[in-house]
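Since every read-out is calculated from the coordinates, none of them should be taken as a lab result. Since this is a predicted model, take the numbers as computed values, not measurements. Every residue, glycine among them, receives a Cβ derived from its backbone with ideal geometry; neighbour counts consider all protein chains shown.
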Amino acid sequence: MGSRTLLILFSSVLALVLYGVFRATPPAMVFEHSDKVGHVMAFLALALTGRLAIYKLPGTIFWLAMLALAFLLEYMQGELRPLRVFSMGDVAANTLGVAAALLVFVVWPKKIRKLANELSQ
């Protein structure tokens, strides 16, 4: 898998996250707080694929950008979609997804570095 493929994968995840955030109506509640689970999983996938796709970007910049997105996308949703509202609970779930991805990179840095090098070739 080359760096181009990783960028395509990240772009696809980003497109799905943006669709989920900006769709006209919220998704159906499958179980209590299922929307929060969706937020965590979406931002976990976004941060994991994003970090692998643009691994050469300094980590501090990448993770700060992801945390900013966790807030800004939720804020923009409340501003741009009349049937959707800004929720600090959703921001917290987004942030938890980013933090979980960061934890993966902190706990297994050598394995991730090796994987990123292998995948980008």
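The alpha-carbon of Lys56 sits under 20 angstrom from the alpha-carbons of these aspartates and glutamates, leaving out residues fewer than 8 places away in its chain: Glu118. Relative to the dominant Cα principal axis of the chain, helix 34-53 is inclined by about 30°.
Order 94-103, 64-73 from most to least packed using the mean count of other Cβ atoms within 10 Å. Provide the component values of the computation, followed by the final result.
Working: 94-103: 19.8, 64-73: 17.1.
Per-residue mean Cβ counts within 10 Å order the peptides as 94-103, 64-73.
Here the gap between Tyr19 and Ser34, fully extended at 0.36 nm per residue and compared with their Cα-Cα distance, gives a gain of 3.7 nm. Between the Cα long axis of helix 88-107 and the first principal axis of the chain there is an angle of about 10°, rounded to the nearest 10. Here the simple spin-label model places points 7 Å from the Cα toward Cβ, and for Val104 and Thr60 these points are separated by 2.5 nm. Considering only Cα atoms, the convex hull volume of the stretch 7-100 works out to 88 Å³ per residue.
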